[in-house]
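The values are calculated or read from the model by the stated rules, or taken from the named source; none is laboratory data. Treat the numbers as computed from the prediction; the structure is a model and nothing was measured. Every residue, glycine among them, receives a Cβ derived from its backbone with ideal geometry; neighbour counts consider all protein chains shown. These area figures cover heavy atoms from the full protein model, side chains too; ligands, DNA and RNA do not enter into them. Shrake-Rupley method; radii C 1.70, N 1.55, O 1.52, S 1.80 Å.
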Amino acid sequence: MREEAGQGFEPGQDQRNAPSPADTAPTKPSRRSDGRPGRIDPQGGGRDPALYQRQSFAAIDLGTNNCRLLIARPQGENFVVVDAFSRVVRLGEGLAGSGRLSDAAMDRALGALQVCAEKLKRRRVHLARSVATEACRRAENGPEFIERVRRETGIALDIISAKEEARLAVLGCHILLEQGDGPAIIFDIGGGSTELVLVEQNGAPLPRIVDWMSVPWGVVSLTETCGAEPLDADGRAARYADMRRRVRESLAPFTARLQPTLEQRDPDRPLRLLGTSGTVTTLASLHLELPQYDRRAVDGLIVPAAAMRGISERLSAMPIPSRRELACIGRERADLVVAGCAILETILDLWPADRLGVADRGIREGILRSLMASEGMAERTRSAMRRSKREGLSR
């Protein structure tokens, strides 16, 4: 299994050499937040300075478990969502054993991406970026699938690195970090991998990424690797312990690297944790006892870590039929949520914190902020050039 790690880069530093979004990053969270650039409407062009605020931007995130789309328009330093789509496609189903994307999984993902393509067209999206993550990174036939998607839907998926995935997640959700000084950890529990990032803010608009790591354990990959869930309570407990052991061993190098930095922090300033994923948002929903999932109630919530541990332990002990009956879990997440709980509890073991921030935002929001920042900067440059040209002609 592959692990990736690295140190010291700015989340606003676009790995594709596009302009940094730092000067347009928001300073406060928006309750309504929610893209490799591919220009959908070449007529946009930015000729009218006011046109930028009317243009639609889109981000597609094809993960190991979900396919998600977000379409938004700029609104001041933030943006307003005009359309969204999410579907569980389980693209990584069977990948742990075969090393390939199955035909059924690719067909499911393709069906979801066709819906996305229709929405891009209907909303006359000006600029979009579509990314694929761990499943396509790991699969032997990942590039072949990417080409099929381009041929059948027109969507050009970019298989991004784990480093880029971590950067986009931080860019998309860092504004939900609790106020405070010193280091903080942002983590994203995905379907095929988990990214963890140590950041420091120090009053800057964007936090600096001090260190990061990606481990190949997500809710799909860990579930499949640990085998079918036993029917008896002792068997479920042993399987859950095995999941936690695997995650802990994979995170050991990152734990050792972070120890000196975390030991230097002021003990009066507790470590801040922020999680973005279906796992933490689902558990937060159960904590709130919501009758159905409500993003407005969950995004930005701060939950006692002990409460999240308690819910994780309770879910891991339940048989699958009982979990299916719980609001906000249902059939789609019932078999996968235990792996997410194991990853979350291991993170809380390694980096104890009293509270956990919850973010229902991440890669797509990071993509949108990058796209809007780069296009806004380009528009300012074009406006300055036109102004300079007019002034030169008037002399």
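Hey, A117 hits all of (1) crowded, with 20+ Cβ neighbours inside 10 Å; (2) within 22 Å of the chain's Cα centre (by Cα) but one; which does it fall short on?
Only one criterion in (1) crowded, with 20+ Cβ neighbours inside 10 Å; (2) within 22 Å of the chain's Cα centre (by Cα) is unmet by A117, namely (1).
Mind checking which residues of region 341-369 are part of a helix (DSSP H, G or I) and of a type in the set (A, V, I, L, M)? First the steps, then the outcome.
Quick first cut of region 341-369, residues part of a helix (DSSP H, G or I) only: 341-350, 363-369.
If the condition is that a residue be part of a helix (DSSP H, G or I) and of a type in the set (A, V, I, L, M), then A342, I343, L344, I347, L348, L350, I363, I367, L368 are the ones that fit.
What residue, of G8, G92, is open to solvent by less than 10 Å² (accessible area, probe 1.4 Å) and either farther than 30 Å from L258 by Cα or at pLDDT below 95 (or both)?
Working: G8 fails: open to solvent by less than 10 Å² (accessible area, probe 1.4 Å).
After ruling out the rest, the residue left standing is G92.
Yes/no matrix, rows are residues, columns are (1) over 15 Å from I185 (Cα atoms); (2) hydroxyl-bearing (S, T, Y):
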| site | (1), (2) |
| --- | --- |
| R246 | yes, no |
| E249 | yes, no |
| A252 | yes, no |
| T255 | no, yes |
| P267 | yes, no |
| T276 | no, yes |
| T279 | yes, yes |
| T282 | yes, yes |
| L288 | yes, no |
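Quick check, is R257 open to solvent by 70 Å² or more (accessible area, probe 1.4 Å) and touching an Asp or Glu at 6+ places or on another chain (Cβ under 8 Å)? Reasoning before the result, please.
Values: open to solvent by 70 Å² or more (accessible area, probe 1.4 Å): yes; touching an Asp or Glu at 6+ places or on another chain (Cβ under 8 Å): yes.
The answer is yes for R257.
Given the condition within 22 Å of P260 (Cα to Cα), open to solvent by less than 20 Å² (accessible area, probe 1.4 Å) and touching a helix residue (DSSP H, G or I) at 6+ places or on another chain (Cβ under 6 Å), answer yes or no: does some residue in region 221-239 qualify?
Restricting attention to region 221-239, the residues satisfying the condition of being within 22 Å of P260 (Cα to Cα) are none.
Checked region 221-239: no residue is within 22 Å of P260 (Cα to Cα), open to solvent by less than 20 Å² (accessible area, probe 1.4 Å) and touching a helix residue (DSSP H, G or I) at 6+ places or on another chain (Cβ under 6 Å).
Touching a strand residue (DSSP E or B) at 6+ places or on another chain (Cβ under 8 Å), of a type in the set (K, R) and more than 15 Å from T153 (Cα to Cα), is that true of R90? Show your work before the answer.
On the way: touching a strand residue (DSSP E or B) at 6+ places or on another chain (Cβ under 8 Å): no; of a type in the set (K, R): yes; more than 15 Å from T153 (Cα to Cα): yes.
So R90 fails the test.
Can you tell me which residue among G182, G192 is surrounded by fewer than 21 Cβ atoms within 10 Å (Cβ to Cβ), under 30 Å from L356 (Cα atoms) and at pLDDT below 95?
On the way: G192 fails: surrounded by fewer than 21 Cβ atoms within 10 Å (Cβ to Cβ).
Answer to the selection: G182.
Given the residues R331, R324, R314, which is the only one that is of a type in the set (K, R), over 22 Å from the mean Cα position of the chain (by Cα) and at pLDDT 95 or above?
Just a single option satisfies the conditions, and that option is R314.
Only one residue in D299, D234 is over 18 Å from G330 (Cβ atoms) and within 22 Å of the chain's Cα centre (by Cα). Which one? Spell out the reasoning first.
Values: D234 fails: within 22 Å of the chain's Cα centre (by Cα).
Among D299, D234, only D299 is over 18 Å from G330 (Cβ atoms) and within 22 Å of the chain's Cα centre (by Cα).
If you take the residues of region 124-178 that are under 16 Å from G362 (Cα atoms) and among the polar types (S, T, N, Q), which of them is most open to solvent (accessible area, probe 1.4 Å)?
Among those that are under 16 Å from G362 (Cα atoms) and among the polar types (S, T, N, Q), it is S161.
If you go through region 194-225, how many residues are in contact with a Ser or Thr (Cβ under 6 Å, 6 or more places away or on another chain) and not in a helix (DSSP H, G or I)?
Initially, region 194-225 is screened for residues in contact with a Ser or Thr (Cβ under 6 Å, 6 or more places away or on another chain), giving 195, 214-218, 220.
If we keep only those that are not in a helix (DSSP H, G or I) too, we end up with 195, 214-218.
The number of residues fulfilling the criteria is 6.
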